[in-house]
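Undergrad: Pasting a structure below so you can have a look.
The values are calculated or read from the model by the stated rules, or taken from the named source; none is laboratory data. Computed from a prediction, not measured in an experiment: that's the story for all the values here. Positions of Cβ are generated from backbone atoms using ideal geometry, with glycine treated the same way; all protein chains shown enter the neighbour counts.
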Amino acid sequence: MSALPAAVAAPDSVEVLPPLAGRRRIAAVLRKDPAALAGLTVIALFLLVAIAGPWIAPYPAQGAGVVDPNTLTLPPSAAHPFGTDDLGRDLLSRVTIGARPTVLVPFAVVILAVSIGAPLGAVAGYLGGWADRIIMRLTDLFLAFPSLLLAMAIAAALGPSLTHAAIALVVSWWPWYTRLVRGVASSLRQRDFVEAARSIGVTNRTIIRRHILPNTITPILVQASVDLGIVVLAMGGLAFLGLGTQPPGADWGLMISEGRASVLSFWWISAVPGLAMLLLVMSFNLVGDALRDVFDPRQYR
Amino acid sequence: MRKAEFLISRTGSALVVLLGVSVVTFVLARVIPTNLAAEYVGYHARPAQIARAAHQLGLDRSLPVQYLHYMNEILHGNLGISVSTKRPVLADIAQRLPNTLELLVLGMIIAVLAGIVLGALSARWRGRAVDGPLRSVSILGVSFPAFWLGLMLQIVFFRMLDWLPLAGQSTTDLSFTNPIHPVTHFQIIDAALTGNWIAFRDVAAHLVLPAVTLAAFPAGLIARMIRASMLEVLEHDYIRTARAYGLPDRLITFGYALKNAIGPTLAVIGLSFAYALTGSFFVEVIYDWPGLGQYTVNALLALDYPAIMGVTLLGAVSYIVINLAVDVAQAWLDPRVSLA
């Protein structure tokens, strides 16, 4: 009865593990899979760079956008390992400063989308009936738009800025988590420990908070690790089109677009931030694949 | 006759969603902070002229009335007049849609073929030396920022190798030297139909890079899905039986296993068509392709709200139709799919 094909919708029965065992298994998976571990290392490294950006960038002022007419379009060298752009700014510094919007903001977007989507999904799946019908119809409505198109339209309507791009992505991403959590919650409803809690008179609100939501954390983590890569690409796309971070700010998507005009002469201006983005998205995919292997083996292997 | 019932109920709920989509699109367009009437008459107009334009456009009426008016116009095939092109939005869309479809269809053909080959080979040699590189290629495919991949392909295939044109749909003077007579309005098909082989070669060369860029993401997605699905099928008893009979390995992998592995991936193929739809925004901007993606981006950046409403609505409609088609196809192919 939804607008999406059955296989894309959340499965009806997701393997439900005790929350702690789930998290321990995630740690075990990541330890054993070298590709996933490499991905995790890259993500951790990029996170560090994002946090420490202004302190570790060789030319922090240029990273933030200050122009240097003496160093225009220099190819990579010892002084500028990634070269400089057509306004003379050191690309290593730009990439370092640009890590904040490019790496940190997608985390914020996914966390916000989860904190809107998951409780709604838990309520819909656990209560069923009218609440379920209303929430899921609303979800279907948002899922009827291609996510990126909806995000682009919202970002344009709000006016181009990093915050607005992030809001636009949260608005178009939460329904995916509602759908996922609803599937888990409705299968949990029949389980003995939930029945037991209900029979001794625990309120619905407490059951959802104490018994339903904690059990949805593992599937959410698996989904979020894959989504992070997609959100990085979507944020980058919005910035590339001019709907995200505005010049002279640094953002990898924006930097790719800034290098576009002279890409045939000075390839490194676009190539460097794009490579960084490719590496980041690949890392999210490697980690996501490893997690999905364990918790949802029927999906992509 | 449960299939007919299923079809009717799915179509019904799709129609309800469509109605909701029209409300969202309408509300979204009203959030856009522009003075539409002023845009139409130009910025040097007097207040009275702006007010008259607002009245003519129906902007002085209440929102629900405006919505009903808007729906009525849509049902009569009128999507409004674009602020930037000053042409009916529907005419703009009709003019650009074939170009985008040409790109989308070719991109999807490449993606499906490459995805199936990559996925099937990687499943057949699971864990062997080639499996690693094959899987890496499919992970790369889903990790490329499309707008960056496009630029890099331009550097390699235009700047360095000079094998393919940089951008655009055809060489500029082609319309003077070998004009394509419109038959179906799909450039490449028309060139072939009219036997205009010089134009055909030119248009085909211009299609290659955009189509490949567009195909990267769906190809990776399909490859991963096919591999997973094949690994599952290869565990089945009938595959073991076939092996026991000594049938050639190639026949088992590509004849028996692949056939049954494609069914479950139909949903992903449908989904990747929808991804390709949004991917076309970036690809068309990078390659200056005169299609709907470029039109959408320009409309968004110019806050051309009748055009935004038109393309958003079209995007949602095609998304719903694709998903409906996938559901129906799956139910038809696989009797085990529940028709709930």
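Undergrad: Given the criteria part of a helix (DSSP H, G or I), closer than 26 Å to A:A144 by Cα, away from chain B (no Cβ under 14 Å) and out of contact with any Asp or Glu (no Cβ under 7 Å at 6 or more places or on another chain), does A:R209 qualify? Give the derivation first.
TA: Values: part of a helix (DSSP H, G or I): yes; closer than 26 Å to A:A144 by Cα: no; away from chain B (no Cβ under 14 Å): yes; out of contact with any Asp or Glu (no Cβ under 7 Å at 6 or more places or on another chain): yes.
So A:R209 does not fit the description; no.
Undergrad: For the stretch A:181-234, which positions are among the basic types (K, R) and either in contact with a Lys or Arg (Cβ under 9 Å, 6 or more places away or on another chain) or at pLDDT below 90 (or both)?
TA: Those that are among the basic types (K, R) and either in contact with a Lys or Arg (Cβ under 9 Å, 6 or more places away or on another chain) or at pLDDT below 90 (or both): A:R189, A:R191, A:R198, A:R205, A:R209, A:R210.
Undergrad: I need a count of the residues in the stretch A:144-158 that are more than 12 Å from B:Y319 (Cβ to Cβ), within 7 Å of chain B (Cβ to nearest Cβ) and in contact (Cβ under 8 Å) with a residue 60 or more places away in the chain.
TA: 2
Undergrad: Of all residues in the stretch B:109-143, which are part of a loop (DSSP other than H, G, I, E, B) and touching a helix residue (DSSP H, G or I) at 6+ places or on another chain (Cβ under 8 Å)?
TA: B:W125, B:R126, B:V130
Undergrad: So, of the residues in the stretch A:228-262 that are within 10 Å of another protein chain (Cβ to nearest Cβ) and surrounded by fewer than 21 Cβ atoms within 10 Å (Cβ to Cβ), which turns out to be nearest to A:G98 (Cα to Cα)?
TA: Selected residue: A:G242.
Undergrad: May I ask you to say which residue of B:D249, B:D334, B:D288 is in contact with a helix residue (DSSP H, G or I) (Cβ under 9 Å, 6 or more places away or on another chain), over 22 Å from A:A153 (Cβ atoms), surrounded by fewer than 17 Cβ atoms within 10 Å (Cβ to Cβ) and modelled with pLDDT of 85 or more?
TA: Working: B:D249 fails: modelled with pLDDT of 85 or more; B:D334 fails: modelled with pLDDT of 85 or more.
Result: B:D288 is the single residue among B:D249, B:D334, B:D288 that is in contact with a helix residue (DSSP H, G or I) (Cβ under 9 Å, 6 or more places away or on another chain), over 22 Å from A:A153 (Cβ atoms), surrounded by fewer than 17 Cβ atoms within 10 Å (Cβ to Cβ) and modelled with pLDDT of 85 or more.
Undergrad: Could you list all residues from the stretch B:108-134 that are among the charged types (D, E, K, R) and without any contact (Cβ under 8 Å) to a residue 12 or more places away in the chain?
TA: B:R128, B:D131 - these are the residues of the stretch B:108-134 that are among the charged types (D, E, K, R) and without any contact (Cβ under 8 Å) to a residue 12 or more places away in the chain.
Undergrad: Could you pull out the residue among A:L162, A:L169, A:L141 that is over 14 Å from the mean Cα position of the chain (by Cα) and within 14 Å of chain B (Cβ to nearest Cβ)? Quick ask: steps written out before the conclusion?
TA: Values: A:L162 fails: within 14 Å of chain B (Cβ to nearest Cβ); A:L169 fails: over 14 Å from the mean Cα position of the chain (by Cα).
From the options A:L162, A:L169, A:L141, the qualifying one is A:L141.
Undergrad: Tell me which residues, restricted to the stretch A:139-150, are surrounded by fewer than 24 Cβ atoms within 10 Å (Cβ to Cβ), farther than 16 Å from B:F26 by Cα and not small (G, A, S).
TA: Answer for the stretch A:139-150, where residues must be surrounded by fewer than 24 Cβ atoms within 10 Å (Cβ to Cβ), farther than 16 Å from B:F26 by Cα and not small (G, A, S): A:D140, A:P146.
Undergrad: Looking at the stretch A:268-283, can you tell me whether even one residue there is in a loop (DSSP other than H, G, I, E, B) and either away from every other protein chain (no Cβ under 12 Å) or over 16 Å from A:F107 (Cα atoms) (or both)?
TA: no
Undergrad: Could I ask something else about it? Can you pull out every residue in the stretch B:84-100 that is on the phi < 0 side of the Ramachandran plot, in a loop (DSSP other than H, G, I, E, B) and surrounded by fewer than 16 Cβ atoms within 10 Å (Cβ to Cβ)?
TA: Of the stretch B:84-100, the ones on the phi < 0 side of the Ramachandran plot are B:84-85, B:87-100.
Now narrow it down to the ones that are in a loop (DSSP other than H, G, I, E, B): B:84-85, B:87.
Hit for the stretch B:84-100 is B:R87, nothing else.
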